[in-house]
């Protein structure tokens, strides 16, 4: 019995485990690996947390951040507002669009520069095509002015706007129903 306890004391005695130490040379200790991984993850999360700490901002910085967030929603909501305005009051909208056709070319260039710097790069060829279209619209100035006058005359509050005038044929055609050959054939089949 003394021999066995001596061998066991040699292998496992003195607070050491020779078998475990020998095996750990060839295979990593799973418990130690988990402890190291937990420590590594904890340190990484602490470092990431420090990177995302926002320093206290002053009033000016907060106001400027708010101002920088306004243009995109304002343009999006303004565009949707134009669609609503076109549906609610088409004549008012048509007058405003005729006015936009009269904006001078340098102002369109300035607007294009501001928008391109704010929202990113723009394709120069598309912008030049747009400017050519604006130039063509400027050549239609007399037509635009005539259209504005026509639109103003068509307002619903203008007296006599729906009057067909002395056109008696128009009045008769509007009050007489159209011929329906299918209905006539159906009536013949039913004996009506």
Subject >> Any chance residue 40 is in a helix (DSSP H, G or I) and at pLDDT 90 or above >> reply: yes
Subject >> Flag for residue 73 being surrounded by fewer than 10 Cβ atoms within 10 Å (Cβ to Cβ) and either out of contact with any strand residue (DSSP E or B) (no Cβ under 7 Å at 6 or more places or on another chain) or in contact (Cβ under 8 Å) with a residue 24 or more places away in the chain (or both) >> reply: yes
**OP:** Specify which of the listed residues (179, 121) is at pLDDT below 70 and not in a helix (DSSP H, G or I).
**Re:** 121
Original post:
So which residues in the stretch 97-118 are surrounded by 12 or more Cβ atoms within 10 Å (Cβ to Cβ) and touching a helix residue (DSSP H, G or I) at 6+ places or on another chain (Cβ under 8 Å), if there are any at all?
Top reply: 98, 101, 102, 103, 105, 108, 109, 112, 116
Original post:
residue 106: under 30 Å from residue 152 (Cα atoms) and in a helix (DSSP H, G or I), yes or no?
Top reply: yes
Original post:
Do we have residue 63 as surrounded by 10 or more Cβ atoms within 10 Å (Cβ to Cβ) and free of Cβ contacts under 8 Å to residues at least 60 places away in the same chain here?
Top reply: yes
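The values are calculated or read from the model by the stated rules, or taken from the named source; none is laboratory data. Quick caveat, the model's predicted, so the values are computed rather than measured. Backbone-built Cβ (ideal geometry, glycine too); neighbour counts: all protein chains shown.
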